[in-house]
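Heads up: the structure comes next, in structure tokens.
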Amino acid sequence: PLKGSRLASVPPPPPPDPREVLEPLRLSTYQLSVLIPMLQGAAPSAILSVESCVSILQQAAALAGSRALPHAWLSLLPSQLSSLVSLFDRHGCGFFDWGGGPPS
């Protein structure tokens, strides 16, 4: 090194753009943006039957590109989708509040 010379410090690289990191079974914001209008159209009051929700999920899976659902959901049978959706039916009545209303 030359006497009296200074090395300029290199600034650290900028942080990476935030990216959505998903678990394989969770819905992304994009997937929610596809599903919410479908759910609103079927049940504007946010009370939906398990059967109707399964039908909506099957329709979403059939959309071109199949990006509307997590990849792991695409191979689920209707009975498996029904079991998944039934987890939200707290009272076992065949209906649930997809809008996230207060638990009753």
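The values are calculated or read from the model by the stated rules, or taken from the named source; none is laboratory data. Remember, it's a predicted structure, so these values are computed and weren't measured experimentally. All Cβ positions, glycine included, derive from the backbone under ideal geometry; neighbour counts span all protein chains shown. Heavy atoms of the whole protein, side chains included, go into the accessibility calculation; ligands, DNA and RNA do not. Shrake-Rupley method; radii C 1.70, N 1.55, O 1.52, S 1.80 Å.
At a glance:
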{"item": "Subset of segment 86-101 (residues that are assigned to a loop (DSSP other than H, G, I, E, B) and over 17 Å from GLY41 (Cβ atoms))", "result": "LEU87, PHE88, ASP89, ARG90, HIS91, GLY92, CYS93, GLY94, GLY100, GLY101"}
{"item": "Any pair with Cβ under 6 angstrom, 6 or more apart, that starts in segment 21-49 at a residue that is under 17 Å from LEU63 (Cα atoms) and open to solvent by less than 80 Å² (accessible area, probe 1.4 Å) and ends at one that is part of a loop (DSSP other than H, G, I, E, B) and aliphatic (A, V, I, L, M)", "result": "SER28/LEU22; GLN31/ALA68; VAL34/ALA68"}
{"item": "Residue list for segment 50-60, restricted to those being small (Gly, Ala, Ser) and open to solvent by 30 Å² or more (accessible area, probe 1.4 Å)", "result": "SER52, SER55"}
{"item": "Residue in segment 53-61 that is modelled with pLDDT of 95 or more and touching a Ser or Thr at 6+ places or on another chain (Cβ under 6 Å) present", "result": "yes"}
{"item": "Meets criteria (of a type outside the set (Lys, Arg) and either closer than 22 Å to LEU74 by Cβ or modelled with pLDDT under 90 (or both)) for SER49", "result": "no"}
{"item": "Residue ID - farthest from the chain's Cα centre (by Cα), chosen from residues in segment 41-80 that are in a loop (DSSP other than H, G, I, E, B) and among the hydroxyl-bearing types (Ser, Thr, Tyr)", "result": "SER45"}
